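Take a look at the structure below.
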């Protein structure tokens, strides 16, 4: 991996990690019912998921090998596309499930990749 590729990859990975941590902070101590009843919370979480998906998409343009090491990267990018283009069909339970079940593994993957890149 060339130095410029490493910097680009690290930049996108950092953006992803920052958004993951923002979502965790937004949802700390919240229930699914809290999530459903709070438009501001839902909007904030959805925006951060959009950022994550876009950063992963851009990462693939600069460093497909690093992108491929993020579990479920295709699903994450697809989920971002649903949020942006198919928002009317969005199922809030899927968003909440992603937060509680998939966010920790995304954070683990991205943290490990950032550590490798230095």
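FYI, it's all coordinate maths here, none of it is from the lab. Predicted, not measured: the structure shown is a model, and the values here were computed from it. Note: ideal-geometry Cβ built from the backbone for every residue, glycine included; neighbour counts use all protein chains shown.
Data overview
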{"read-out": "In Å, descending, principal axis extents of the Cα set of the stretch 14-54", "value": "30, 16, 12"}
{"read-out": "Estimated FRET transfer efficiency when R0 is 41 angstrom, pair residue 43-residue 72 (beta carbons, to 0.05)", "value": "0.95"}
{"read-out": "Separation of the residue 36 and residue 18 label points, Cα + 7 Å toward Cβ, nm", "value": "3.4"}
{"read-out": "Whole-number percent relative contact order across the stretch 1-88, with pairs defined as alpha carbons under 8 Å at least 6 apart", "value": "33"}
{"read-out": "Cut-off 14 Å, label 7 Å out along Cα→Cβ of residue 107, residues of the stretch 19-46 by amide N", "value": "19-30"}
{"read-out": "Per-peptide average of other Cβ atoms within 10 Å, ordering 49-56, 22-29, 75-82 highest first", "value": "49-56, 75-82, 22-29"}
{"read-out": "For the chain, the Rg and Dmax computed from alpha carbons only, in angstrom", "value": "14.3, 47"}
{"read-out": "Diffusion constant of the stretch 52-118 at 25 °C, which comes from Stokes-Einstein with the Kirkwood Cα-pair radius and 0.890 mPa s, µm²/s", "value": "194"}
